[in-house]
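Beneath this line is the structure, given in structure tokens, with notes to follow.
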Amino acid sequence: MKKSLIVTMALTLSLSLAACGNNTNNGANNGNAAATNNATTNNTASADLSGSILASGSTALQPLVDQVSKEFMDKNSGVSIQVQGGGSGTGLTQVSEGQAQIGNSDVFAEEKLDSAKAAELVDHQVAVVAMAAVTNKDVGVDNLTKQQLVDIFTGKVTNWKEVGGKDEKIQIVNRPSSSGTRATFEKFALGTKTEDLEGSIQEDASGTVKKLVSETPGAIGYLALSYLDDSVTAVKYEGVDANVDNVANGTYPVWAYEHMYTKGEPDAATKAFLDYMVSEEIQNGDVVEMGYIPASKMEVKRDALGNVTK
Amino acid sequence: MKKSNDREVATPHLAEEWVGKVYTFICILFLIITIFSMVYFVASKGLSTFIVNGVNVKDLLTGLKWKPDSDTPMFGALPFIFGSFSTSILAAIIAAPLGFCAAVFMVELSPKLGRTFMQPVIELLAGIPSVVYGFVGLSVIVPLFRDLFPGQGVGIAAGSLVLAFMILPTITTIATDALASLPAGLKEGSYALGATRWQTIYRIVLPTTLPAQMTGIVLGIARAFGEALAVQMVIGNAPHIPHSLFESTSTLTSAITLSMGNTAMGSVQNNALWSLALILMLMTFVFVFIIRWLEGRKKL
């Protein structure tokens, strides 16, 4: 009696765990189901797309690609898309070596790969991400000029009272020096690369940066617009507020393209997915609701060397 | 009854023996090939920083500035080496007395309570994932240190405390085994001479089991040395040698996890991270060597 009771309990437990796991793994399950469908439907000549796509790279872009890929797979059951993170550098390496069909990146490929490899990749700019400097709520500063930001991040200014805030030591919460977000911030907000100062804190995840800035008195950091909320104060840059309209018309310069690179021209399924990403429906739907800015909304363009044209 | 005069000759089970031998041999070969390939891969990528990119070995090991992405890249890994060693050793200093006292409690003071209660607790501590430790450290320990002590809250102190909790099960388990294998006659002789319980523990048990406990402590240090995620969340990650226990610093492991995904394979920044990994791997070899030497001593 005891043995069968234990067996029943074990079965019930594993079934309920599998059921719980199912909800969060729906994406992977869909992907697997589509993959098995793929094997059997490949023989039947159909007008539907089929193929499997691996998109890996930037974690800043990952939530958007993940959500859009699920919608794409619902519409095209013959395609299976897997989205992974790993960072912009990993994404570019994998697409350049052929392990991934799409490489998600926050930076232009020329900045991470050598020019020969970068020349093989085709760039698809699917969204724009903007970032704002944020401070802890008790600091009391709502605008910082470029020079003040540079002084803070290079260590010349160490107390908030020197830039109009409370008498409090400045605590820098930075991203690692190889991060694409930091590269964008340094290039377009500061105009110069900064060193890692003694006493600065570095965290790799934007979520952790937000947590530290909101809890540490006197902290300053920078986050993508999609991360901003009430727990931190967003600071104006040169008097310009960090919002979507100011980025689109070019008055707020701290932004970067989100790239999805393919090696050469993409195959049919990948091309259809990329076309779907830049379609009106997604650009004005998912892109906006997840905190990015549609590439089509931008009134200014920027190339790999940083030249801005209207 | 006719008995056969031929003795039964044992039929040689050649096929079975061969199958067994070949199968075991293949498994061992697979294991050895995997380990050698991993060592070779890390070594080749780590050494390519010096061979292909022309970085000086001495500069890497003793340099103080780590700026791989600046216009004049500098690769000085001394802050990371210092951070790794200081957090691991400090974690062992915190955890060793705790582990020993827990072991004494489990073996000497109340074995029954120890077996039913303390043992599962220790095993639970060992089973908690390291990212949970890091998150709890970031949410609880760092604000606590920021309020209690002058400084940023992050730093070697927070890192060592988190690591101490992580290596406590290792140290306790080995200390318990060491105490349990002590011959009973030793303690009884001590009591017969009139020593109190605490005197026996302090003067007889501790010195006798010290070699075995050192094994546990070195094993704990090795584990703390290799811990990446939990440390990265509470240590601040500024690539500098700190001036206090509560200032942001970095370790070899946190430097790798922080920048790994942002670098592209083949670039000098990536190769520099592989060099840090090579240093970590060499330190692991050193720790294993030390542990085997300690075990081999086996006196008393």
Discussion item. Against the definition (assigned to a helix (DSSP H, G or I), under 30 Å from A:Gly218 (Cβ atoms) and modelled with pLDDT of 85 or more), how does A:Leu149 come out, yes or no?
Written reply: yes
Worksheet item: For segment A:186-233, how many residues meet the condition of being of a type in the set (Val, Ile, Thr), within 11 Å of another protein chain (Cβ to nearest Cβ) and either on the phi > 0 side of the Ramachandran plot or out of contact with any helix residue (DSSP H, G or I) (no Cβ under 6 Å at 6 or more places or on another chain) (or both)?
Response: 4
Practice prompt. State the number of residues belonging to segment B:201-244 that are more than 20 Å from the chain's Cα centre (by Cα), within 14 Å of B:Phe85 (Cβ to Cβ) and either away from every other protein chain (no Cβ under 13 Å) or surrounded by fewer than 21 Cβ atoms within 10 Å (Cβ to Cβ) (or both).
Written response: 1
Discussion item. Any residue at all in segment B:127-137 that's modelled with pLDDT of 90 or more and farther than 30 Å from A:Val213 by Cα?
Written reply: yes
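The rows are residues; the columns are (1) within 25 Å of A:Trp255 (Cβ to Cβ); (2) at pLDDT 85 or above.
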site: A:Pro63; (1), (2): yes, no
site: A:Asp66; (1), (2): yes, yes
site: A:Phe72; (1), (2): no, yes
site: A:Gln82; (1), (2): no, yes
site: A:Glu111; (1), (2): yes, no
site: A:Val126; (1), (2): yes, yes
site: A:Asp138; (1), (2): no, yes
Worksheet item: Looking at (1) of a type outside the set (Phe, Trp, Tyr); (2) away from chain B (no Cβ under 14 Å); (3) crowded, with 19+ Cβ neighbours inside 10 Å; (4) closer than 20 Å to A:Gly191 by Cβ, which is the one condition that is false for A:Ala248?
Response: (4)
Worksheet item: Which residues, counting only those in segment B:263-300, are in a loop (DSSP other than H, G, I, E, B), of a type in the set (A, V, I, L, M, F, W, C) and surrounded by 13 or more Cβ atoms within 10 Å (Cβ to Cβ)?
Response: B:Ala264, B:Met265
Discussion item. Yes or no: segment A:126-135 includes at least one residue that is within 10 Å of chain B (Cβ to nearest Cβ) and outside any helix (DSSP H, G or I).
Written reply: no
Worksheet item: Can you find even one residue in segment B:35-48 that is within 14 Å of chain A (Cβ to nearest Cβ), within 28 Å of A:Glu111 (Cβ to Cβ) and charged (D, E, K, R)?
Response: yes
Item to complete: Name every residue in segment B:252-271 that is among the aliphatic types (A, V, I, L, M) and facing another protein chain (nearest Cβ under 10 Å), in order of residue number.
Response: B:Ala255, B:Leu258, B:Met260, B:Ala264, B:Met265
Practice prompt. Inspect segment A:221-228 for any residue being under 30 Å from B:Gln232 (Cα atoms), modelled with pLDDT under 85 and touching a Gly at 6+ places or on another chain (Cβ under 6 Å) and give the result as yes or no.
Written response: yes
Worksheet item: Inside segment A:156-176, can you point out the residues that are of a type outside the set (Lys, Arg) and without any contact (Cβ under 8 Å) to a residue 40 or more places away in the chain?
Response: A:Val157, A:Thr158, A:Asn159, A:Glu162, A:Val163, A:Gly164, A:Gly165, A:Asp167, A:Pro176
Worksheet item: Restricting to segment B:152-166, what's the tally of residues that are of a type outside the set (A, V, I, L, M, F, W, C) and within 13 Å of B:Ala224 (Cα to Cα)?
Response: 2
Discussion item. If B:Leu125 satisfies all but one of (1) under 17 Å from the mean Cα position of the chain (by Cα); (2) within 13 Å of chain A (Cβ to nearest Cβ), what's the number of the condition it fails?
Written reply: (2)
Discussion item. Need a quick list: helices (runs of 4 or more DSSP H) entirely within segment B:14-104 having at least 3 residues that are at pLDDT 90 or above.
Written reply: B:14-51, B:78-104
Worksheet item: How many residues does segment B:188-202 hold that are under 21 Å from B:Leu98 (Cβ atoms) and not hydroxyl-bearing (Ser, Thr, Tyr)?
Response: 3
Discussion item. So, in segment A:261-275, exactly how many residues are surrounded by 15 or more Cβ atoms within 10 Å (Cβ to Cβ) and either on the phi > 0 side of the Ramachandran plot or in contact with an Asp or Glu (Cβ under 8 Å, 6 or more places away or on another chain) (or both)?
Written reply: 2
Fill in: Candidates B:Thr249, B:Thr172, filtered to the one that is among the β-branched types (Val, Ile, Thr), within 13 Å of chain A (Cβ to nearest Cβ) and surrounded by 21 or more Cβ atoms within 10 Å (Cβ to Cβ)
B:Thr249
Worksheet item: Where residues in segment A:227-260 are farther than 24 Å from A:Thr309 by Cβ and without any contact (Cβ under 8 Å) to a residue 24 or more places away in the chain, which of them is farthest from the chain's Cα centre (by Cα)?
Response: A:Asp230
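The values are calculated or read from the model by the stated rules, or taken from the named source; none is laboratory data. Values in this document were obtained by computation on a predicted structure and should not be read as measured data. When we count neighbours, we look across all protein chains shown, and the Cβ atoms used for this are built from the backbone with ideal geometry, even at glycine.
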